[in-house]
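Only one structure is covered here, and it is reproduced in the block below.
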Amino acid sequence: MRFPSYTTPREKLWHYSYRTFCGLVLFFLVAPLIVVIPLSFTNSVFLQFVPEMKIFSFETWSFNFDGYGTRWYKEMLGICDDNTGTTVCTDRWMIGIKNSAIIAVFATFFAGVLGTLAALGLSNKHMPFNRLIMALMISPMIVPLIITAAGMFFFFAKVNLVATLPGLIIAHTILGIPFVVITVTASLAGFDNNLMRAAANLGGKPIRNFFKIQAPLIAPGVISGALFAFIISFDEVVIVLFLGGPEQYTLPRQMWSGIRNEISPTILAAATILVIFSILLLTTLEMLRRRSERIRGVSPN
Amino acid sequence: MNNISTTDSQGPLLTNDGVPLKDSLRKSLRRTKIRSFLLILVPLLFVLLLFVTPIAQLLSRSVDDIKINEAFPLTFAQYEVWEDKSILPSEEMFAAVINDIRITHKLENSEGKNIGKNLLGRSGTRMTYEYSGWRSLLLKTVKEAIKVDKKSKEEIKPYKWDAPYKERMIKRDKRWGKVEFWQSLGAMKDPYTMGYYLNAVDLRYDANKNIIQKVEYLRVYKTIWMRTLQVSLMVTIFCLILAYPVSYLLATLPMRISNILMICVLMPFWTSLLVRIVAWMIMLQQHGVINDTLVTILPCFEGMVNLPFFGATNIDLCFGDEDRIPMMYNFTGTIIVMTQILLPFMILPIYSVMRGVPPSYMKAAQNLGATPTWAFIRVYMPQSIPGVGAGCILVFIVAIGYYITPELVGGKDGLMIGNFVAREMQQTLNWGLAAAMGTMLLFAVLALYWVYDKFIGIDNLKMG
């Protein structure tokens, strides 16, 4: 760091302590996630760093990886070569991943379609009750999940949707809609309506114009909204706890019961995979954002 | 549309087809309105039917006392004519209870299925909420009241119990002789009740439907409401303290570097909530990373030292195994974990506002003679207020309805109102109370949502 010559020592001190503070806050944000990764490769049954996991020994001056292995990953996949009987072998994790994926894919699709339709309709400033409808469409994001879950439980019980896959898909679709509405609205705000007028002037039919001109331009917004909806659904546990039956074991629900009841490092294996998954999603989103900026001719800075 | 002059020297402006331009414009505007409406229709109906209706029904459940009025019409009618409510009611009231039980017990729905037994059971549960013991008393009495005399030769066999009932019932269970049980009926006699709401804030009705405080040992919910408020406020304040400097750094650094640092903010934001909780359990538990580190690195010194002024003193500066700090499954755990989880909700809005503040303003202020600190306080901070407001409301809204984190890391003294809604829903099955607490929480959140929408605009919400 180069300071101008007139900087006083007090300013330098302030500068460094400020940077240190910010560094600590950022560390506070990511540190827990990073800790999960090495611990998921433990060979012990404890959810903590045991002495065997010390990689480097100062006494013998040598590396030692005996404490590490992929035992818990195998366990998560349902491959059981553990004969010690310390853990219960279960295929619930795989069933959970499968169920979560099914629910998330359908919920994302419906939320994407419904959210985009709503955002397109709401982009018309002359629409009456525009603001009210917008607030209504976004409310599932604001209402505490526990209330949504309780309300849906009673309502779905009457129409026999409790403990069914469609019930969960509907619930997750509703949770996902606000995110799609917000991102698509944002990308529509940057959309130049003159393009549609020009296309109409040139004789294009409205539907064709939409798919040829508007759709590609708002696509990044739709996709990032859909990604939000996907991650919300994939990570959702409160509604599943209320509405899900014994058949609907999802990944978060399995993690939930893992945390509450049988604390085993399998949770860490699942967590590591989810961390990597979220990094991939984040990268995709960032690429989408850059792409949409490039399309619109806006560059960062 | 106002800038088009509608009158010309040759009369109104016409389009190619000879229609006045104004009419043509109005028509096209109407067409776009209809098109937008059709686009919104399906999603709107979907949300109205499957989200708004369930919540509205939940709200109605919080004041609903209809069922019990269907089960005990005669009893409640007698309650109205019961004059001196400090002494036991007369024989008519006892008879009304028995008759109600007998009629309700045989109640059938349109398909001929008995619904009366279920109704009586639920009524008993409802009555227990007003005065504990009602349920067992009622079920015991039902069993006796419906016994018939099997030896009788008549077509419709008479009941074993006949009038007068008063002595019989008190002999069977002396609780019928307690006036408190009868008085508690008063709180249930109307088809709609505020009782659940009163219960949710530790109040109750007395015999004359006056609102009074609950008995000392039954007052639990007020503490929970206060704690919910306390946790939400503390988390909001901590988030603000941590987020403001970081947002400033991110906003002032060159885009290239701040984008990299932004990953640190966005990665937890995108990671599963449960993963983050697991991660914190590893960090904060008794044998967690933080406690282990403290035990390892803190110096351990124990022994006698000759201090000036104090003389020989025994000093114990050890951070040993017994000194490990409990940071999980308690209030502290809830605060730490929620702060980390909600921090991105604070950083992102503040950051996006700060990015829009031109750095030249600060320089101008300093040029005009302000010290850097003064310039920051007087020029920069006021401009960042919208972001701070947005972040605070957002964090507070999310925090106040939290359920997962307190449930998993809160232990006993970190539980919030959301956890009690779930508890009433799933364990005690007092759905009316759950609905009442949920409604109060919902209105708190909606009020804040309204404030947010009013001042910041809900469509300005940014996510990553």
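No lab work stands behind these numbers, since they all come straight from the coordinates. Small disclaimer: the values here were computed from a predicted structure and weren't measured. As a convention, Cβ positions derive from the backbone with ideal geometry for all residues, glycine included, and neighbour counts pool all protein chains shown.
Of B:C239, B:C300, how do they rank once you tally other Cβ atoms within 10 Å and put the fewest first?
B:C300, B:C239
Between A:A189 and A:I79, what length in nm is gained on full extension when 0.36 nm per residue of separation is reduced by their alpha carbon distance?
34.5 nm
At 0.36 nm per residue, and after removing the present C-alpha to C-alpha distance, how many nm does the segment from B:L41 to B:K143 gain when stretched out fully? Walk me through the numbers on the way to the answer.
Numbers: separation 102, 0.36 × 102 = 36.72 nm, distance 5.40 nm.
Here the segment from B:L41 to B:K143 would lengthen by 31.3 nm.
Answer rounded, prolate or oblate for segment A:92-291, using the Cα gyration tensor with square roots of eigenvalues a ≥ b ≥ c: rounded when a/c is under 1.5, else prolate when a/b is larger than b/c, else oblate. Present the calculation step by step, with values, prior to reporting the outcome.
On the way: a/c = 2.70, a/b = 1.75, b/c = 1.54.
Because a/c hits 1.5 or more and a/b exceeds b/c, segment A:92-291 counts as prolate.
Between beta-carbons, use under 13 Å as the cut-off and find the net charge around B:E92, counting Lys and Arg +1, Asp and Glu -1. Mind showing how you got there, number by number?
On the way: positive: B:K166; negative: B:E80, B:E83, B:E91, B:D100.
For residues surrounding B:E92, the net value is -3.
Using a ≥ b ≥ c from the Cα gyration tensor of chain B (square roots of the eigenvalues), is it rounded, prolate or oblate, where a/c under 1.5 gives rounded and otherwise the larger of a/b and b/c decides, a/b for prolate?
oblate
Mind giving me the nanometre distance, one decimal, between the label points for B:K178 and B:W450, set 7 Å out from Cα along Cα→Cβ?
For B:K178 paired with B:W450, the spin-label model returns 4.3 nm.
Per residue of segment B:67-80, in order, report the coupling 6.51 cos²θ - 1.76 cosθ + 1.60 (Karplus, θ = phi - 60°) as ³J(HN,Hα) in whole Hz, putting x for Gly and Pro.
Each residue of segment B:67-80 in turn: 4, 5, 6, 5, 7, 10, x, 5, 4, 5, 5, 5, 4, 5 Hz.
For chain A, with a Gaussian network of springs between Cα atoms less than 10 Å apart, report the residue from A:V181, A:V36, A:V25 with the top mean-square fluctuation.
Largest GNM mean-square fluctuation: A:V25.
Let me know the longest stretch in chain A that avoids all GluC sites (Glu not before Pro) found in a DSSP loop with at most 12 other C-beta atoms within 10 Å.
A:60-246
What distance in nm lies between label points placed 7 Å from Cα along the C-beta direction at B:R31 and B:K157?
Calculated label separation equals 8.0 nm.
Which of rounded, prolate or oblate describes the protein assembly as shown when judged by the alpha-carbon gyration tensor and an a/c cut-off of 1.5? Walk me through the numbers on the way to the answer.
Values: a/c = 1.90, a/b = 1.23, b/c = 1.54.
Judged from the Cα gyration tensor, the protein assembly as shown comes out oblate (a/c at least 1.5, b/c at or above a/b).
Please identify, among A:N160, A:N201, A:N130, the residue showing maximal mean-square fluctuation in a Gaussian network model of chain A using a 10 angstrom Cα cutoff.
Highest fluctuation of the listed residues: A:N201.
Within chain B, what's the longest stretch lacking GluC sites (Glu not before Pro) that sit in DSSP loops with no more than 15 other Cβ atoms inside 10 Å?
It runs B:156-464.
Give the lysines reachable from A:K98 as a straight Cα distance under 18 Å; neighbours fewer than 8 places away on the same chain don't count.
A:K74
Around B:M283, with a cut-off of 12 angstrom between Cβ atoms, what is the net charge of the other residues, counting Lys and Arg +1 and Asp and Glu -1?
Working: positive: B:R276; negative: B:D292.
Net charge in that neighbourhood comes out at 0.
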